[in-house]
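To keep things clear, I will list the structure first and then write my remarks on it.
Please treat every number below as a calculation from the coordinates, not as lab data. Computed from a predicted structure; not experimentally measured. A quick note on method: Cβ atoms are made from the backbone with ideal geometry, for glycine too, and the neighbour counts reach across all protein chains shown.
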Amino acid sequence: MRIAQLTLTGYFNYGNILQKFALQYTLKKFADFVEVLWYSKRTNFAETGEKPVAQCVMFNGRRDGEKIFSLREAVRQSKFKDFENLYIKTRFDFPYFEDIADEYDFFVVGSDQVWNPSWYSPYSFLSFVPREKKFSYAASIGAPAIPNDKKEIFRRGISDFNYLSVREEAAVKIISDLTGRTPIVLPDPVLLLTESEWLTVAQKPAWFKEKYQRGFILTYYLRKLPPPEVKTLADKLELPVINLLDIGNYNHFTVGPAEFIWLFSQASLIFTNSFHGVAFSILFRRPFINREISNDKLGVSMSNRIKTLLKLFGLEDRTQMHADPLKIDFARRDEVLPLERAKAFKFLSEALLNEPNQVTTSGGG
């Protein structure tokens, strides 16, 4: 069996590349051959145009700020490219999707915000292949609604999928109202791998020295800097802080995907406004505090996805500071995660094999 995988392309977002790896890793349990189809012409940092501008705040007023950012971003994204070369089979060499429709038995779109109306690709609806060959896995709309001028495009595109699954509860109502079909909510692909499976591709950063051995606070903030309470708590706990995406710290800013996994697996406490930041905290059973990104459109979409995740594992209270933030109860996580994995594998078995789950899944690790 040959499977083609479509998701957002780029070398700039940890969640994107790690969910892409995780879904391919999982699909290989069903198929002999799985590869990602890279539909964007952009293949390196200089072409992506993606810049976490808020992370440049501390360089305001410096004439060399943009140059420093560009150089460090080049290093960071080169690590993303290295990770993909090692672990994610990707195909770049095709002129048109229509030319390769017969080369695969199935096409899967997802996970990530592949159906976000602000940046979706027409290819995300797989209109170039027949209905029986296409399905979505934990596809995310990542927006509170579909704009009126795009509703018909989305209605036709999503209606034509043989099997439908999404990542957040908000997407269920949007799709149901739009198409009359009710998709199933499935866990993000990163949650399908066990801790031990993730650690096989994790890498300890070379700069991780004695200073961090007794513990550290990890922050992962998108489009903004960590809140002041992080430093206050760090001083109280006498723990150093590692701020991912901190342009002012070369080591922290240039962390690659493999190092990202390792740091999440080892952190004493995690502060994040990211969906995947929360997901990896839960996966590795690490204490975390989630602070919503903002009240803008991106913040609302992130909030919807995170709310679904927190509710699933009974961790809604982790949006607030606790008297003892290092203390967290993962009992429901250990109970629910194996069930969610089983549900996901059942869906994939039905979509790919048209039969009940024939793939053995691991337990609660």
Cβ neighbours within 10 Å, averaged per peptide: list 306-312, 166-172, 152-158 in order, most packed at the top. 166-172, 306-312, 152-158
Given points 7 Å out from each Cα along the Cα-Cβ axis, report the A342 to K231 separation in nanometres with one decimal. 4.9 nm
Dipole of the chain, positive direction: furthest Cα of S140, V185, F253, with charges on the beta-carbon: F253
Give me T219, T319 ranked fewest to most by other Cβ atoms within 10 Å of their Cβ, as a rough exposure proxy. T319, T219
If the elastic network links every pair of Cα atoms under 10 Å, which of Y123, Y96, Y104 fluctuates the most in the Gaussian network model of the chain? Y96
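Which net charge results when you count Lys and Arg as +1 and Asp and Glu as -1 among the other residues whose beta-carbon is under 14 Å from that of D160? It would help to have the intermediate numbers written out before the result.
Values: positive: R131, K133, K134, R155, R156, R181; negative: E132, E152.
Every neighbour counted, the sum reads +4.
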Neighbouring Cβ atoms within 10 Å as the yardstick, rank H252, H322, H276 fewest first. H322, H252, H276
At 30 angstrom or more along the helix axis (alpha-carbon based) and mean Kyte-Doolittle of -1.0 or higher, what helices does the chain contain? Whole DSSP H runs only. 65-87, 331-353
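For a Förster distance of 22 Å, can you work out the FRET efficiency between the beta-carbons of E335 and S176, rounded to the nearest 0.05?
In this case the efficiency is close to 0.20.
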Note on the range 69-177: alpha-carbon gyration tensor, axes a ≥ b ≥ c; rule is a/c under 1.5 for rounded, else prolate if a/b larger than b/c, else oblate; result oblate
Cα-based shape type of the range 195-331, given that a ≥ b ≥ c are square roots of the gyration tensor eigenvalues and the cut on a/c is 1.5: rounded
Using the Cα centre of the chain as the reference point, and only Cβ charges (+1 on K/R, -1 on D/E), how large is the resulting charge dipole? Debye, rounded to the nearest 20. 660 debye
Value of [θ]222 nm, deg cm²/dmol, for the chain, DSSP H segments ≥ 4, -39500 (n - 2.57) each, nearest 500: -11500 deg cm²/dmol
Exposure proxy check on T7, T254: fewest-to-most Cβ neighbours within 10 Å is T254, T7
Any chance you could count the Lys pairs in the range 195-331 whose alpha carbons are under 26 Å apart, treating pairs 8 or more apart or on different chains as valid? 21
